[in-house]
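Read the structure below first, then the notes.
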Ligand code: SAH
C-alpha cells in the first residue's frame, strides 16, 4: 500500500537549496569569538575590541575600526565581519519616522527590515527568513514561498544597522536609542527556531557580547507552531509572544492561517497560555481585520469568550492591501464594534497603527521585490 502523504506540504521546507552565509561575529558568543580570534593567531582580547565596535558603537564596517592594528583588523574582518547585507534601497515615510530597508543577501535572496520611531521608543521590525513557507493568503510574503532561513548574524545585523540609523538621529522626534525588536518582518521566526533564539540571546546580552536590549522588549510573532511554542516556553527567556490568530474558529482559521490544519485554535491557545504562565508575560493576540471575512460581531464574542480571564491582549491590525488580494480592511464602524465587544468581555484590546503603508512596509506587505520589477517601487 502506498504511504499516505502528509496532510500539508512540509511547512517550512525550502523550495530550492539556498546557501547559508559565511560565519560572522554575531553568530558567536564572546567565548566563541575569542576562540575564533585565537585560531587566526590574533590575541583573544581583540575579539572583545571588535565586539565593542560592532555591538557597543554600532560600527559594522571594519574600515571604521581604526584602533585595531591593520594586519589583525584585516584578518578579523575577513573571518568575522563578512558583509552579510548589501543595501539595495531605503525608503522613508511619516516624515522619516518609518523607514524600510531592502537588502540583498550573499546568495541573492532579498529581505526587508523596518524601523519605526515613536515619541518614547524606536522599534526595529526584522525578517527571520527570506520569504515564508506559511502561505497565509492575505500576506504578501507568504505568496512567494520560502527561500531559506536567515543565519543568526543576518538577523542581528539588521538590528545593528537599524540601531545605527536611529543613533545617527535619523528618526526625528524619537529617542536615539533603539529599544525594541519585533520579529514581524518576513518569515516565520519559530520555523527558524535555533537561529532566532540565538539572535535573541545576542540582542539581549550586555555589550560588548551583545546589544543589551531587554528581553521584555523583544516580541516573537508566530502563526502558532505548537511544538516550537512549547520549546520556547522551556527556553528560560522572557520575550513577548505574539500569536497571529486572525480567527477564533477552526473553519475560518484553517483558511486564513493554513498551519491551523495541523494545530487547531484550542491547541495553539493552550500553548500560548502555558507560555504566559511560565514567563509571566502577557501574550499578544494578533487579529487582522478583514472585511466580511473575520470581523462579524459573533466572532468578536467568540474571541472574547476564548480570551476572557487569560493573560492576553488583542492587537487588531487593519488589513493592509497586498498585490492581487481579494480582501480589504474592515470599515471603521465594524472595527469599533469588534473592539467594543472584546472590551466588554474584559479583554484588553488595541488597534495597531498602519505604519509604513505608503512604502509597502506595513504588516503583511513585505515582499522584497527589486526596484523596477513588477511590483517593485
Ligand atoms: N510569521 C509570523 C511573523 C509575521 S508578523 C506571524 O505570522 O506571526 C506579521 C503580522 O502581520 C502577522 O500577525 C501577520 O498575520 C500579519 N499580517 C500579514 N499580512 C497582513 C496584512 N495584509 N494586513 C495586516 N496584517 C497582516
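Summary table below
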quantity	calculated
Matching residues, region 172-188, being over 19 Å from residue 216 (Cα atoms), within 13 Å of the ligand (Cβ to nearest atom) and touching a helix residue (DSSP H, G or I) at 6+ places or on another chain (Cβ under 8 Å)	186, 187
Any hit, region 313-322, residues being more than 19 Å from the chain's Cα centre (by Cα), within 17 Å of residue 135 (Cα to Cα), within 14 Å of the ligand (Cβ to nearest atom) and at pLDDT below 95	yes
Test: residue in region 353-360 that is touching a residue at least 24 places away in the same chain (Cβ under 8 Å), within 14 Å of the ligand (Cβ to nearest atom), more than 21 Å from residue 99 (Cβ to Cβ) and touching a strand residue (DSSP E or B) at 6+ places or on another chain (Cβ under 6 Å)	no
Residue match in region 285-300 (condition: farther than 20 Å from residue 252 by Cα, within 23 Å of the chain's Cα centre (by Cα), within 16 Å of the ligand (Cβ to nearest atom) and modelled with pLDDT of 95 or more)	no
Qualifying residue in region 241-256 (condition: within 11 Å of the ligand (Cβ to nearest atom), within 21 Å of the chain's Cα centre (by Cα) and assigned to a helix (DSSP H, G or I))	yes
Selection count where residues are in contact with a strand residue (DSSP E or B) (Cβ under 7 Å, 6 or more places away or on another chain) and either within 13 Å of the ligand (Cβ to nearest atom) or within 15 Å of residue 362 (Cβ to Cβ) (or both), scope region 323-341	4
Filtered residue count, region 195-211, keeping only those that are assigned to a helix (DSSP H, G or I), more than 16 Å from the ligand (Cβ to nearest atom) and without any contact (Cβ under 8 Å) to a residue 40 or more places away in the chain	1
Residue match in region 316-324 (condition: surrounded by 18 or more Cβ atoms within 10 Å (Cβ to Cβ), in contact (Cβ under 8 Å) with a residue 24 or more places away in the chain, in the same structural domain as residue 192 (by TED's automatic domain parsing) and closer than 22 Å to residue 217 by Cβ)	yes
Residues that are touching a helix residue (DSSP H, G or I) at 6+ places or on another chain (Cβ under 7 Å), surrounded by fewer than 21 Cβ atoms within 10 Å (Cβ to Cβ) and part of a helix (DSSP H, G or I), drawn from region 302-315	304, 306
Filter result for the condition that a residue is within 16 Å of the ligand (Cβ to nearest atom) and either part of a helix (DSSP H, G or I) or touching a strand residue (DSSP E or B) at 6+ places or on another chain (Cβ under 6 Å) (or both), over 90, 74, 112	112
Test for residue 172: is it more than 21 Å from residue 243 (Cβ to Cβ), at pLDDT below 95 and not assigned by TED's automatic domain parsing to the domain that holds residue 31	yes
Test: residue 242 is in the same structural domain as residue 357 (by TED's automatic domain parsing) and within 26 Å of residue 25 (Cα to Cα)	no
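Residues checked against (1) touching a helix residue (DSSP H, G or I) at 6+ places or on another chain (Cβ under 9 Å); (2) more than 13 Å from the ligand (Cβ to nearest atom); (3) in a loop (DSSP other than H, G, I, E, B):
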residue	(1), (2), (3)
137	yes, no, yes
154	yes, yes, no
169	no, yes, yes
190	yes, no, no
213	yes, yes, yes
230	yes, yes, no
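The values are calculated or read from the model by the stated rules, or taken from the named source; none is laboratory data. Just so you know, these numbers come straight off a predicted model, no measurement behind them. Cβ: placed from backbone, ideal geometry, glycine included. Neighbour counts: every protein chain shown.
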